[in-house]
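> Just passing along the structure, written as structure tokens.
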Amino acid sequence: MKITFPHLGDAYIAINLLCKEMDVACVIPPLNNMETLEKGSKYSPEEICLPFKLMVGNLMTAIDNGADTVVMVSSAGPCRLGEYGDLLKSILDKNGYYAHWILLDTVHDVGVRELLKRVGSIWGGEKRSRLKLLRAFKGVYKVIKSLESLETEIHRLSAYEVEKGKLKKILYKCKGDVYSSEGIQMAQKIIEKSQKQMTQVEIDKSKDPVKVVLTGEIFSLIEPFSNQYLEDKLMEMGVSFFRRITIGWWLDITLVQPLKRAKAMKKKNAFLNYCVGGYAKDTVEEVIQAKKDHCDGVIQLLPLGCMPEIVAKSIMPDMSEELDIKILTVVFDEMNGEAGYITRIEAFIDMLQRRKKYVLYGY
Amino acid sequence: MNLILLKLKEVFSIKVGIPGGLLYYRYETFINTFLEELEIESIFSTETNKEILDMGVSCCVNDACLPMKIFHGHAAALNEKCDYLLIPRIMKCENSESICPKFCGLPEMVMSGIKRKEGVITYPLYLNRNKEIKHYLRKIGKDLEIQENKIMAAYKKAVNNHKLQIQGIKDQGYRFTIFLGGHPYNLYDRFANMNLIHKLHSYGIGVITEERVSDNEKEAEIKPLMKKPYWLFYKNNYGAGKYLVKDQGIDGIIYISSFSCGIDSITIEMLKNDIGEFPFLILKIDEHSGEAGIDTRIEAFADMLERRKLH
Ligand code: SF4
Ligand code: SF4
């Protein structure tokens, strides 16, 4: 059995490690690129959101490359991810891409036993000890968390670099090495090394870069191809930025600390008090937090037609006015010429810089 | 003297505005009975028209779908005229199905669109539990200072009337019958769909809608899926469409959908993939849709049905 899965940011790094630990063969689709998108768009309904199209492309290529089992996370909730499974399968089947499908649903929807059964079936029904899986999962979770904290730090720091580009290089080198590492232990060592390298990079503390928070729809945020490598560009532009939403964050809210999450969802704010599906409430809360953290602006990303984020988007003008914070909403679709959207981001950053310079109000 | 009393009543009576869009089409009887029983003075927006659409388009976020824009228009039309604006926040549907995220965030969208913060009723509505519905109505009662027993009596009457109301359409006596798929507001808003049902009739095409296929029959059709669909509109239309094709009682399917509806993008594709070679026409509408385009497509579809019948 050879499993595969659609791309979601750096998830492939984690899943690859997990499979190595568990001795499961897996086929990782090539990182999202134009070809993935073209393939995906050709076979997907025209109006479905971008993530879906990329997933179609991923899975088709992976099956071509020898995968025979698709593993997908499918969480119930009023958004599309949960309904993706059947449509993906239907489209792949129709076009002759057959595979065995394992949908990982939440415990809430299918019960613990069924979920464990499904997870177990990934190891070909062999009775591997759950303990081993648990240990592997814990290890991988830690790796992902430390990789993300390195990334977060670099996003924040790269704007202060004396020699531009060094930190970015460290980050990508680290990701690449972790991906090809043999196992959890080695991966941890690699990250530690990169962390050390990071602290040695020369920093100019007198700089006062624009500070921005990235928020919005999860896929667009963490899948670099779908936001056309926005983070690289921000680093190049010398913007110090923060993105809370990561694979690790997602693991926390769904698997690691679901109770804490449930509590957080009940928390009220002045703009949106209900979970409308997707992570729209989080998007709104990120803006409030950004204000508290004295950020200069917020960039909200969403794919065209994304339902929950449209709700968030429609509240943005009010938030911007009441909180006095600048917000830019960028809607991605497959036709977005790269140039057009970069100009908008540049103009936004320019505006923030000017605002910072001229409007001196005390904090 | 009487005149003064009347005037006074006018001044002091509270007016509640009910926007006539989205699921108003489904719950019209319930809403109207409830309000009438309580003698609440309510203002309804008219049927959708050009003015309402234009208002909606100008105050709603531009990437929203047509029904959302229309609802915004209805709300905007009532905005100045009412003390309370009722904007339902449906969180769960009658059989615990989920609904589109835009319904859950509807009050926020509208309030931000029409710039109204005060006097908007936005409590969450869980239609799957009677207790929750009563709770919802009680809260409204409190806002309007109405006694609880009155509210409950009105609720009972409203539920009864709602149950008596036959939902959906099942035409008989036409040359052809098709399954007309889509969400209630797209099916029954004659302005938005350019009087679609009337048009179909004029081509000798009768329609059946999703409401006329029983839940059991729908359930049986969605059983083979890996995962039970949790979206109301998906389950209803996919289940009903598949059932009717299998049942052979229809000659074709017409699905009316609004551009950029995430739920329909799935429903339509799943239906298409599952019914094989079967006449299937998809009509997509938005604020720019022209009537001529729709007419030609219906005509071509009717021709095709005719040819199939002859062979
Ligand atoms: S949150 Fe948006 S992008 Fe994600 S599945 Fe839902 S509609 Fe698609
Ligand atoms: S279900 Fe579709 S048509 Fe209805 S409001 Fe949501 S996106 Fe719009």
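The values are calculated or read from the model by the stated rules, or taken from the named source; none is laboratory data. This one's a predicted model, so the numbers in the text were calculated from it and none came from an experiment. Cβ sites come from the backbone with ideal geometry, for glycine too, and all protein chains shown count toward neighbours. All accessible areas refer to the heavy atoms of the entire protein, side chains included, with ligands and DNA or RNA removed. Shrake-Rupley method; radii C 1.70, N 1.55, O 1.52, S 1.80 Å.
> Probe 1.4 Å, all protein chains in place: accessible area of A:M34 in Å², nearest 10?
Accessible area, nearest 10 Å²: 100 Å².
> Can you work out the Karplus-derived ³J(HN,Hα) for every residue in the stretch A:306-317? Use 6.51 cos²θ - 1.76 cosθ + 1.60 with θ = phi - 60°, whole Hz, and x for glycine or proline.
6, 6, x, 6, 5, 4, 4, 4, 6, 8, 3, x
> Only Cα pairs within less than 10 Å get springs; with that Gaussian network setup on chain A, which residue of A:T283, A:T215, A:T106 has the largest fluctuation?
Taking springs between Cα atoms under 10 Å, the residue moving most is A:T106.
> Another question, then. Do you know the relative contact order of the stretch B:7-164, to the nearest whole percent, from alpha carbon pairs under 8 angstrom that are 6+ apart? Mind showing how you got there, number by number?
Details: 238 pairs, mean separation 41.1, N = 158.
Worked out over the stretch B:7-164, it gives 26 percent.
> Next up: For B:R138, A:R113, A:R243, what's the largest-to-smallest order of accessible area, 1.4 Å probe?
Result of the area sort, largest leading: A:R113, B:R138, A:R243.
> Note down the magnitude of the dipole of the stretch A:2-128 about its Cα centre, charges +1 on Lys and Arg C-beta and -1 on Asp and Glu C-beta and zero elsewhere, to the nearest 20 debye. Can you show the working numbers first?
Details: 13 positive and 16 negative charges, 54 e Å.
Computed about the Cα centre, the dipole is about 260 debye.
> Additional query: Helix B:232-247 versus the longest principal axis of chain B: what angle, 0 to 90°, nearest 10, using Cα atoms?
Roughly 30 degrees, rounded to the nearest 10.
> How many Å² of accessible surface get buried when B and A come together, counting both sides, probe radius 1.4 Å, rounded to the nearest 100? Before the final figure, lay out each step's value.
Details: alone 16120 and 18350 Å², together 31170 Å².
Between B and A, the summed buried area is about 3300 Å².
> To the nearest 500 deg cm²/dmol, what mean residue ellipticity at 222 nm is calculated for chain A from DSSP H runs of n ≥ 4 alone, each contributing -39,500 (n - 2.57), summed and divided by the residues?
-17500 deg cm²/dmol
> Determine the per residue accessible area of the stretch B:52-131 with all protein chains present and a 1.4 angstrom probe, expressed in square angstrom. Don't skip to the end; give the middle numbers.
Details: 2810 Å² over 80 residues.
Result: 35 Å² per residue.
> For chain A, calculate the relative contact order in percent as a whole number, restricting contacts to Cα pairs under 8 Å that are 6 or more residues apart.
Averaging sequence separation for qualifying contacts and normalising by length gives 16 percent for chain A.
> How much length is gained if the chain between A:R354 and A:Q185 is pulled fully straight, taking 0.36 nm per residue apart and subtracting their Cα-Cα distance, in nm to one decimal?
Here the answer is 56.2 nm.
> Separate question: Full extension from A:K292 to A:Q195: what is 0.36 nm times the residue separation minus their Cα-Cα distance, to one decimal in nm?
On the way: separation 97, 0.36 × 97 = 34.92 nm, distance 2.80 nm.
The A:K292-A:Q195 span can extend by a further 32.1 nm.
> Using heavy-atom solvent-accessible surface (probe 1.4 Å) with all chains present, what is the largest-first order of A:D232, A:D64? Could the numbers behind the result be given before it?
Working: A:D232 30, A:D64 95 Å².
Greatest to least solvent exposure: A:D64, A:D232.
> Also, I was wondering about something else. Across peptide A:266-273, what mean number of C-beta atoms from other chains lies inside 10 Å of a residue's C-beta?
Per residue, the number of nearby Cβ atoms from other chains is 2 on average.
> Quick check: pseudo-label points 7 Å beyond the Cα along Cα→Cβ at B:M226 and A:D333, how many nm apart are they?
2.8
> Going through the cross-link list B:K81/B:K150; A:K260/A:K281; A:K164/A:K205; A:K2/B:K223; B:K102/B:K139; B:K102/B:K156, which pairs have a Cα-Cα distance over 19 Å in this structure?
Cα-Cα > 19 Å for B:K81/B:K150; A:K2/B:K223; B:K102/B:K139; B:K102/B:K156; rest within.
> Need one number: nm distance between label points at A:Y229 and B:D286, each 7 Å from Cα along Cα→Cβ, rounded to one decimal.
Roughly 3.0 nm, to one decimal.
> Around B:L125, what is the net charge, scoring Lys/Arg as +1 and Asp/Glu as -1 over all other residues with Cβ under 9 Å from its Cβ?
With Lys, Arg at +1 and Asp, Glu at -1, the net is +1.
> Here's another thing I want to ask about it. Compute the distance in nm between two label points, each set 7 Å from the Cα along the Cα-to-Cβ direction, one at B:D247 and one at A:R156.
6.1
> Further question: Work out the FRET efficiency for B:R190 and B:E217 from their Cβ-Cβ distance, taking R0 = 22 Å, and round it to the nearest 0.05.
Taking R0 as 22 Å, the efficiency between B:R190 and B:E217 is 0.20.
> A further question on this structure: Which value, in Å² and to the nearest 10, is the accessible area of A:M198 when all protein chains are kept and the probe is 1.4 Å?
20
> Quick check: at a probe of 1.4 Å, how many percent of the accessible area of the protein assembly as shown sits on carbon and sulfur atoms?
For the protein assembly as shown, the apolar C and S fraction of the accessible surface comes to 54 percent.
> Are there any chymotrypsin sites (Phe, Trp or Tyr not before Pro) in the stretch A:1-72 that are in a DSSP loop and have at most 16 other Cβ atoms within 10 Å? List them by number. Show your work: numbers first, answer last.
On the way: sites: A:Y12, A:Y43, A:F52; in loops: none.
Hits after loop and neighbour filter: nothing returned.
> Averaged over B:270-276, how many beta carbons belonging to a partner chain fall within 10 Å of each residue's beta carbon?
Whole-number average of other-chain Cβ neighbours for B:270-276 is 3.
> Compute the acute angle (0 to 90°) between the alpha-carbon long axis of helix A:34-43 and the principal axis of greatest extent of the alpha-carbon atoms of chain A; round to the nearest 10°.
Around 60 degrees separate the two axes.
> When only the heavy atoms of the protein chains count and the probe is 1.4 Å, how do B:D286, A:D105, B:D215 rank by accessible area, highest first?
Per-residue accessible area, sorted high to low, gives B:D215, B:D286, A:D105.
> With heavy atoms of protein chains only and a 1.4 Å probe, what residues of the stretch B:95-125 have at least 40 Å² less accessible area in the full set of chains than alone?
When all protein chains are present, B:P101, B:K102, B:E108, B:M109, B:S112, B:K117 each give up 40 Å² or more of accessible surface.
> Next question. Using a Förster distance of 60 Å, how high is the FRET efficiency between A:E236 and B:R308, based on the Cβ-Cβ distance and rounded to 0.05? Let's see the in-between values first.
On the way: r = 60 Å, r/R0 = 1.00.
Result of the calculation: an efficiency of 0.50.
> Ok, one more. If I stretch the segment between B:D143 and B:I14 completely, what's the gain in nm (0.36 nm per residue apart, minus their alpha carbon distance), one decimal? Can you show the working numbers first?
Working: separation 129, 0.36 × 129 = 46.44 nm, distance 1.04 nm.
Using 0.36 nm per residue and subtracting the Cα-Cα distance, I get 45.4 nm.
> Starting from the Cα of A:K138, step 7 Å toward the Cβ, then list every residue of the stretch A:170-205 with an amide N under 15 Å from that point.
Only A:184-185 fall inside the zone, counting backbone N under 15 Å.
> Would you mind checking the tilt of helix A:50-64 against the longest principal axis of the Cα atoms of chain A, expressed as 0 to 90 degrees and rounded to 10?
40
> Now for a separate question. Lys and Arg at +1, Asp and Glu at -1: add these up for the other residues within a Cβ distance under 12 Å of B:I90 and post the number.
Working: positive: B:R26, B:R89, B:K92, B:K102; negative: B:E94, B:E97, B:E132.
Within the 12 Å Cβ shell, the charges total +1.
> Per DSSP H run of n ≥ 4, the term is -39500 (n - 2.57); total these for chain B, divide by its residue number, and report the mean residue ellipticity at 222 nm rounded to 500 deg cm²/dmol. Intermediate results must be reported in sequence, preceding the final value.
Details: 14 runs with 163 residues, N = 311.
Calculated at 222 nm, the ellipticity per residue is -16000 deg cm²/dmol.
> Under 8 Å for C-alpha pairs, at least 6 residues apart: give me the relative contact order for chain B, rounded to a whole percent.
Details: 482 pairs, mean separation 52.3, N = 311.
Once normalised by length, the contact order is 17 percent.
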